[in-house]
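So the structure is just underneath, and the comments pick up after that.
FYI, it's all coordinate maths here, none of it is from the lab. These numbers come from a predicted model, not from an experiment. So basically every Cβ, Gly included, is an ideal-geometry build from the backbone, and we count neighbours across all protein chains shown.
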Amino acid sequence: MRVVAWVAAFVALAALPFFLGSYHNDVYRKLLLWVALALGYNFLFGICGQVAFSHFAFYGIGAYGVVILLFQVGLPLPIAILLALLICVILALIVAIPATRLEGFYLALVTLALAQLFIVLLNEGGTVTGGAGGIANYRLPPIFGTRVSGPTYTLVIVALLMLTLALLWRLDRSWFGRACRAVRDNPEAAAAMGVDVARTKVIAFTLTSALAGMAGMVYAFVDNTVNPPIFGLENAFLILFMVIVGGAGRHAGAIIGAVLLFLLPFWLSPVVGHHHQLIFGALVVGAILLWPKGLVGIWDRFSR
Amino acid sequence: MQDFLELAVSATASGCIYGLMALAYLLMIRPTGIINFAVGEWAMVAAFGGHLLLSRWEWPYAAGMAVVILFMAILGSTTERMTVRPLVERGAPLLAPILALLGVLVVTREVISVSFPPDPMPVPFPFDIGRLELGPIGGSYQSFFIITVTALVFIGAWLFFEKTLWGKSFEAVALNRRAAALMGINLSRVTTLSFAGGAAVAGLAGLLVSPNVSAHYLMGVPLAIQGFTALVIGGVGRVEGAILGGLVLAFAEQLTSRYAPIPSGFAQGVPLVFLMIFLLVRPTGLLKVRA
């Protein structure tokens, strides 16, 4: 029965782009990617209780990584994907292992510096990263002899989203998911129950960073261009805001938050122009003060 | 050598700005444990205050400065009452006010960006533009003004923490909130005061730096990160750490961009590398925390 539901969701999400125009298709693809990012970040922040500002940087590392390995180094696609993923994992481990040894806010601060440093390196990377202009005018190499593009490429994004959700869903219900929640709610008690707190944090951070990297690799062939402004710090805040507004710790919350905050600027632009960030900030303060369980929490209260 | 001395004055001046930003964080972190990234935006608000009062309405500098600092203190304590206190009273985890203040950061920046044109806005110098030569050391009036004001602020902060009962109560709260409350210290008043002080110091930094860089709605985040890096280098334990961290950071930044054989763009990465290394290797900072 559950398999039927997953297949139905996949078919519905995958069929939609064939009925959309090219503009709406583009919006739809980015919406799916944001949902995938928010789901991953929710596992780290909402379920494991760790704040990091590097989630969007890893999205960028994945995107730049695969493009550089494919077109500057000239590797075949499967190897480029695996290597880019490996880079994400190694970087995440380098940051997380020392940062999670310490109590408190260290992971957030180190990853804030990492995210900023990433942008500096992109801008100064010369011919490797293409500097401020980034890299453009490349195309996804043929997969089994066929060029995947247009609405068909949206299938890849839907597959990524469904796999991300399925993986996080399973993990959340496993021993590891419960360990993560225990680490979030009471690290001392978790340690007393035999949970290795530091290792749990490191695994959660590395896993979600790798998922962000995967989403980035998929993103690289959505616009066929990667450049520094796309991966700025603003978006790291936006993912955090999506999860808080939607409801941290719940997959449904991450999805609702991502859909709402992604689409809000489109609805608000006739009213507030480019100042939708003002509404976002107010929503976040309001959410933390008034509805700490997010929009999902409000939904729960009324549906009971 | 001449070149180095010239550099030293301007590096000291920017180190003072970073030190003030670090002090703003420190005033709030010590009693509450709350890292408030909105300090950068507060510096930005004060820079716009300076633009409005000093440049557009042409007030005398001292009066404008006093009004801006007073306004910042009120803004800081209001922010604390509206966003931090309800969460602390509810017993929310420490993360909640930190994240709420990130929301405040965005709201503050956007309110300014809606209210003013997007171009950099001029803020006048307190004195005419000119050079002051003290023996072999020379620099702009503004550099010396920044250094003097910062020195006064840090001496004041040091005296406050070391010599006054109020300062001692801040320290007591920092060491042990419960015990301090049991000793009759009013926790919420200490918290409100720490936010008022933090906003005033951040505002002062914004006002001092703005004649050189102009008031711009995106100036906050870099200041917030530089100030935070200074704080991490110096350590959150002591007031002197803030200014020490600021000076170390500014000299590292300016010396690498002047003398190191790397492209100037990479020099922007120097403070970030410093921040990461200190956080990962020496998270207590350079100075030892006093027992």
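Cβ crowding within 10 Å ranks A:251, A:24 as A:24, A:251, fewest other Cβ atoms first. Taking every residue in A:274-287 and counting other chain Cβ atoms within 10 Å of its Cβ, the average works out to 5. Compare B:61, B:259, B:217 in a GNM of chain B, Cα atoms joined below 10 Å, and give the one with the largest fluctuation. Taking springs between Cα atoms under 10 Å, the residue moving most is B:259.
Along segment B:153-159 the Karplus relation, 6.51 cos²θ - 1.76 cosθ + 1.60 evaluated at θ = phi - 60°, assigns HN-Hα couplings of 4, 5, 4, x, 5, 5, 4 Hz to successive residues, with x for each Gly and Pro. Exposure proxy for B:275, A:33, A:260: other Cβ atoms within 10 Å of each Cβ, ordered fewest to most, give A:260, A:33, B:275. Taken over segment A:233-304, the alpha-carbon convex hull comes to 90 cubic angstrom per residue. At what distance in nm do the modelled label points of residue B:78 and residue A:267 sit from each other, each positioned 7 Å from its Cα along Cα→Cβ? Each label point is offset 7 Å from its Cα along the Cβ direction, giving 3.0 nm.
Taken one residue at a time, the phi angles of segment B:203-217 give Karplus couplings (6.51, -1.76, 1.60, θ = phi - 60°) of x, 4, 4, x, 5, 6, 7, 5, x, 7, 10, 6, 7, 9, 6 Hz. Gly and Pro are set to x.
Under the combined filter of DSSP loop state and at most 16 neighbouring Cβ atoms within 10 Å, segment A:130-198 retains these trypsin sites (Lys or Arg not before Pro): A:139, A:147, A:173. Note on residue B:163: aspartates and glutamates with a C-alpha under 19 Å away, same-chain residues under 8 apart excluded, are B:171, B:240. In segment B:2-281, Cα pairs under 8 Å separated by at least six residues give a relative contact order of 40 percent.
For chain A, the relative contact order works out to 31 percent when only alpha carbon pairs closer than 8 Å and six or more residues apart are counted. For the protein assembly as shown, the Kirkwood estimate of hydrodynamic radius, built from reciprocal distances between every pair of different alpha carbons, is 25.4 Å. The 3J(HN,Hα) values that the Karplus relation (6.51, -1.76, 1.60; θ = phi - 60°) gives for segment B:178-195 are, in residue order, 4, 4, 4, 5, 5, 7, x, 7, 7, 4, 5, 5, 4, 5, 4, 4, 5, 6 Hz. Gly and Pro appear as x. Working note: Cα gyration tensor of segment B:2-281, eigenvalues times five, square-rooted, sorted largest first, giving semi-axes of 30, 22, 19 Å. Between segment A:265-292 and segment A:64-142, the alpha-carbon centres lie 30 Å apart.
In this calculation the C-beta distance from residue B:189 to residue B:141 is compared with R0 = 41 Å, giving a FRET efficiency of 0.55. With neighbours defined as other Cβ atoms within 10 Å of a residue's Cβ, the residues B:170, A:176, A:266 order from fewest to most as A:266, A:176, B:170.
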